[in-house]
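Readers should treat all values here as calculations from the given coordinates under stated rules, not as data from a laboratory. Keep in mind that what you see is a predicted model, and the values were worked out from it rather than measured. A quick note on method: Cβ atoms are made from the backbone with ideal geometry, for glycine too, and the neighbour counts reach across all protein chains shown.
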Amino acid sequence: MNICGVELSGNDAVICLLQLENQHFNLPDCRVRKLTLPKEHTREDLKYFQATFAKLMSDYGINKVAIKERALKGKFAGGAIGFKLEAAIQLMDNMDVVVLSQKDIKLGLSENQLPILFAETGLKVFQEAAFTAAYVAQVLR
């Protein structure tokens, strides 16, 4: 199964691709690490973001998208643009999209430790939350 983990941060969708083949995880190379929606965006910009994301998922044969849930209120609450990005991803046709709460992620990691240290993955530091979401979605399916 091919999964794309997503962390929404500001007006960016940070992504990480993860494959599971024969009980082995693989981190395929991806042409982008994040997709951005302009702060002063129009309806067309949002549709372009959705189409670009859908094309990326199609190009890499992604079966499932796992989004790290953001808080609705409090110090770490998500902004309006992030919620638009989440809605655009969730409303894509022919894509299985799950939103993982922090509780689900902690539970998944406690039951299924990461087989490798994040520092050894070769991913950028800002992709860690997306990687973790993809991994937890893979092991909890």
Relative exposure of ILE15, ILE67, judged by other C-beta atoms within 10 Å (fewest first): ILE67, ILE15
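Rank these for me by crowding, SER110, SER101, going from fewest to most other beta carbons within 10 Å. Let's see the in-between values first.
Values: SER110 8, SER101 12.
Exposure proxy ranking, most exposed first: SER110, SER101.
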Angle between the chain longest axis and helix 102-111 axis [Cα atoms, degrees, rounded to 10]: 10 degrees
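For the chain, what is the mean residue ellipticity at 222 nm derived from helices alone (per DSSP H run of n ≥ 4: -39500 (n - 2.57); sum divided by total residues; nearest 500 deg cm²/dmol)?
On the way: 4 runs with 51 residues, N = 141.
The helix-only estimate for the chain comes to -11500 deg cm²/dmol at 222 nm.
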Between helix 80-90 and the chain: long-axis angle, C-alpha atoms, 0 to 90°, nearest 10: 60 degrees
0 to 90° range, to nearest 10: angle between helix 43-59 axis and the chain longest Cα axis: 30 degrees
For GLU69, GLU7, order by how many other beta-carbon atoms lie within 10 Å, fewest first: GLU69, GLU7
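Tell me the relative contact order for the chain as a rounded percent, counting alpha carbon contacts under 8 Å between residues six or more apart.
35 percent
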Value in Å of the Kirkwood radius, where the stretch 2-140 supplies the Cα pairs that are averaged: 15.2 Å
Percent RCO, i.e. relative contact order, over the stretch 60-141, from Cα pairs under 8 Å lying at least 6 residues apart: 40 percent
